[in-house]
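Peer 1: Quick one: the structure is below, questions incoming.
The numbers here are math on the coordinates, done by the rules we state, and not lab data. Since this is a predicted model, take the numbers as computed values, not measurements.
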Amino acid sequence: MAEAKVQRLADEIRRLTEAERQELVAEVLPLLLLTRGSIQAVTRALDALSTEELDALVEHARTRNSAVPDTTIATVLHDALHAVRTPRCA
């Protein structure tokens, strides 16, 4: 995607009302977070965390993003954790 197009989209998002942004988050964020690149980035970040830190991360995500359904947060975190915890084939 061209940088100019991304910039236009970002500008458009900034002009949305808070309600429209929340709706966008619920509809689009899960799609973006479940891309291969996003999962790989989350996987790298989670690799360094202990179980206690992961628990704190999950709780933080739940309380901070109350407008995002728990099922969305659970799906994204499940996929990321699964990627981290599943043995990698070389």
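Peer 1: Starting from 0.36 nm per residue, how many nanometres of slack lie between L24 and S66 once their C-alpha separation is accounted for?
Peer 2: Numbers: separation 42, 0.36 × 42 = 15.12 nm, distance 1.43 nm.
In short, 13.7 nm is gained.
Peer 1: From the Cα trace of the range 19-85, what convex hull volume per residue do you get, rounded to a whole Å³?
Peer 2: It is 76 Å³ per residue.
Peer 1: So what's the back-of-envelope 222 nm ellipticity for the chain, counting only DSSP H runs of four-plus at -39500 (n - 2.57) apiece and dividing by all residues, rounded to 500?
Peer 2: Values: 5 runs with 70 residues, N = 90.
The helix contribution divided over the chain gives -25000 deg cm²/dmol.
Peer 1: Same structure, new question: Taking the Cα centre of each part, how many Å lie between the range 54-68 and the range 24-38?
Peer 2: Going from one Cα centre to the other spans 16 Å.
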